[in-house]
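So the structure is just underneath, and the comments pick up after that.
The values are calculated or read from the model by the stated rules, or taken from the named source; none is laboratory data. Just so it is clear, the model here is predicted, and its values are computed rather than measured. Cβ: placed from backbone, ideal geometry, glycine included. Neighbour counts: every protein chain shown.
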Amino acid sequence: MNQLHTILRGTAQVVPHDELIKKLSSGKKLKIKLGMDPTAPDLHLGHAVVLHKMRQFQDLGHEAILIIGDFTAQIGDPTGRSKTRPPLTLEEITHNQKTYLEQAGKILNTKTLTVVNNGTWLSKLTFSDIVKLCAKTTLARIIEREDFQTRLQTNHAIGFHELLYPLMQAYDSVMLEADIELGGTDQTFNLLMGRFLQEQYGQEPQVVLTMPLLEGIDGVQKMSKSYGNAIGIQENPKDMFGKIMSIPDNLMSKYFGLLGYKTESEAQELHIQIVAGTVHPMIIKKQLGHTIVSTFWSETEANQAQQQFEHLFQHKEYQHAEEIDIPSSVAKDIWIVDLLKIVGAATSSSHAKRLIEGGAVSVDDLSINDFKAIVQWHDGSVVKAGKTAIFKLKLK
């Protein structure tokens, strides 16, 4: 079955496999659910992995339903959290979700995409409704979650509202009568809860399909803006290309495979070649960077991003660095933190401190390791802040 082959490509797990085959064999147009909480304003390449899988379902003629979790975002997904997530305000959620459809539309076919906020039904539940919903499961089932178990064992508090999160997300599946739900492997518990709750409501349970998690530029943790290792899908092309060039060599084949640019066998063969040293990692990484930037921007912008990277980081031609106008009123002797903020390399003092203590900051090739350092600058000075951020100062 061609559909099955396409759908299984790159997946981590399908639960249960035989029900997926049964649903596909029915010939009906399946409802494919993907939920995304607007906890941050930007989507990243980690999100792109599962969005790409949803696009495959669209291309096969199925109905893609994108759930914007405006209600569940107020609770906060406890997945992978060692402590309770600070709640978001409605204003923050509204701000974050404004560009979600535009960003997701870089991958999904928005003409056939169904988009709905789960606040549409969750906000209308009465307290009586919530009690009845909670009665569908048990505390023992909820605290089977690995992250809840970890927090219990380490005496970290679990907010009672966090126990409701899996139920709320599962209720989305009930309201939609979803056939298949997509998510990362870290969402497995939540997705299976959706399957369980549908059964409690007398519905045919959804099939759960999970995708592997994509590590961020640190090569260790899953890609997440909160970890500072994310590559945003709407970052400017030069920053996007630069970040891709900083990922570890052993992740290149995974990026190619999970983002849909190579089949599993092609990605595996590429990994073997990289390990064996039969291909140069820099050449492959440039191909990866160019391909990704072309996908989310254009080939022209990908060419420009690659050229700037080569000028700055391979040939050290700093005349090609981004020029930052500095008013003449700015003191020539300045606190390094203030300078990083002025050029846009740091968004806060704490951000600047992390860059400095990480050995990522230099001014005119002089490494700055002291958070309290006063540095000198002049017209034409070059400030570096990380692997991919280089600024040339221009006296205004």
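Would it be correct to say that Ala170 is more than 13 Å from Leu192 (Cα to Cα) and either buried (at least 19 other Cβ atoms within 10 Å of the Cβ) or without any contact (Cβ under 8 Å) to a residue 40 or more places away in the chain (or both)?
no
Condition (residue is in the same structural domain as Gly194 (by TED's automatic domain parsing), polar (S, T, N, Q), closer than 23 Å to Leu176 by Cα and not in a helix (DSSP H, G or I)) applied to region 18-39: is it met by at least one residue?
yes
Scan region 183-223 for residues that are β-branched (Val, Ile, Thr) and surrounded by fewer than 21 Cβ atoms within 10 Å (Cβ to Cβ) and jot them down.
Thr185, Thr188, Val220
Of the residues Ile272, Ile283, which single one is in a helix (DSSP H, G or I), out of contact with any helix residue (DSSP H, G or I) (no Cβ under 6 Å at 6 or more places or on another chain), among the hydrophobic types (A, V, I, L, M, F, W, C) and closer than 20 Å to Asn303 by Cβ?
Ile283
Any residue in region 270-294 that's hydroxyl-bearing (Ser, Thr, Tyr): show its pairings with residues that are assigned to a helix (DSSP H, G or I) and at pLDDT below 95 at Cβ separation under 6 Å, as long as the two are six or more apart or on different chains.
The qualifying pairs do not exist here.
Looking at region 229-250, is at least one residue among the small types (Gly, Ala, Ser) and either buried (at least 22 other Cβ atoms within 10 Å of the Cβ) or in contact with a Pro (Cβ under 6 Å, 6 or more places away or on another chain) (or both)?
Yes - at least one qualifying residue is present in region 229-250.
Yes or no: Gly257 within 18 Å of Thr185 (Cβ to Cβ) and part of a loop (DSSP other than H, G, I, E, B)?
no
Just to check your reading of the model, which residue among Glu357, Glu299, Glu317 is exposed (fewer than 15 other Cβ atoms within 10 Å of the Cβ), touching a Phe, Trp or Tyr at 6+ places or on another chain (Cβ under 8 Å), free of Cβ contacts under 8 Å to residues at least 24 places away in the same chain and not β-branched (Val, Ile, Thr)?
Glu357
Within region 97-120, identify whether any single residue is surrounded by 20 or more Cβ atoms within 10 Å (Cβ to Cβ), assigned to a helix (DSSP H, G or I) and of a type in the set (Val, Ile, Thr), and answer yes or no.
Within region 97-120, not a single residue is surrounded by 20 or more Cβ atoms within 10 Å (Cβ to Cβ), assigned to a helix (DSSP H, G or I) and of a type in the set (Val, Ile, Thr).
Hey, any hits in region 377-387 for a residue that's more than 22 Å from Gln307 (Cα to Cα), buried (at least 16 other Cβ atoms within 10 Å of the Cβ) and within 32 Å of the chain's Cα centre (by Cα)?
No; the residues of region 377-387 include none that is more than 22 Å from Gln307 (Cα to Cα), buried (at least 16 other Cβ atoms within 10 Å of the Cβ) and within 32 Å of the chain's Cα centre (by Cα).
Please count how many residues of region 187-207 are touching a residue at least 40 places away in the same chain (Cβ under 8 Å) and at positive phi.
0
Which members of region 251-269 meet the condition of being touching a helix residue (DSSP H, G or I) at 6+ places or on another chain (Cβ under 8 Å) and surrounded by 15 or more Cβ atoms within 10 Å (Cβ to Cβ)?
Once the filter is applied, which keeps residues that are touching a helix residue (DSSP H, G or I) at 6+ places or on another chain (Cβ under 8 Å) and surrounded by 15 or more Cβ atoms within 10 Å (Cβ to Cβ), region 251-269 yields Met252, Ser253, Lys254, Tyr255, Phe256, Gly257, Leu258, Leu259, Gly260, Tyr261, Lys262, Ala267.
State which residue pairs qualify: first residue in the same structural domain as Phe57 (by TED's automatic domain parsing) and inside region 102-121, second residue surrounded by fewer than 16 Cβ atoms within 10 Å (Cβ to Cβ) and part of a loop (DSSP other than H, G, I, E, B) in any location, beta carbons under 6 Å apart, and separation of 6 or more residues or different chains.
Gln103/Gln234
Select the helices (runs of 4 or more DSSP H) contained entirely in region 122-204, then report the ones holding at least 2 residues which are acidic (Asp, Glu) and more than 28 Å from Leu24 (Cβ to Cβ).
Ranges flagged: 146-153.
Kindly indicate whether any position in region 334-348 is modelled with pLDDT under 95, surrounded by fewer than 16 Cβ atoms within 10 Å (Cβ to Cβ) and within 26 Å of Lys262 (Cβ to Cβ).
There is no residue in region 334-348 that is modelled with pLDDT under 95, surrounded by fewer than 16 Cβ atoms within 10 Å (Cβ to Cβ) and within 26 Å of Lys262 (Cβ to Cβ).
Looking at region 55-106, which of the residues that are aliphatic (A, V, I, L, M) and touching a Ser or Thr at 6+ places or on another chain (Cβ under 6 Å) is modelled with the lowest pLDDT?
Ala73
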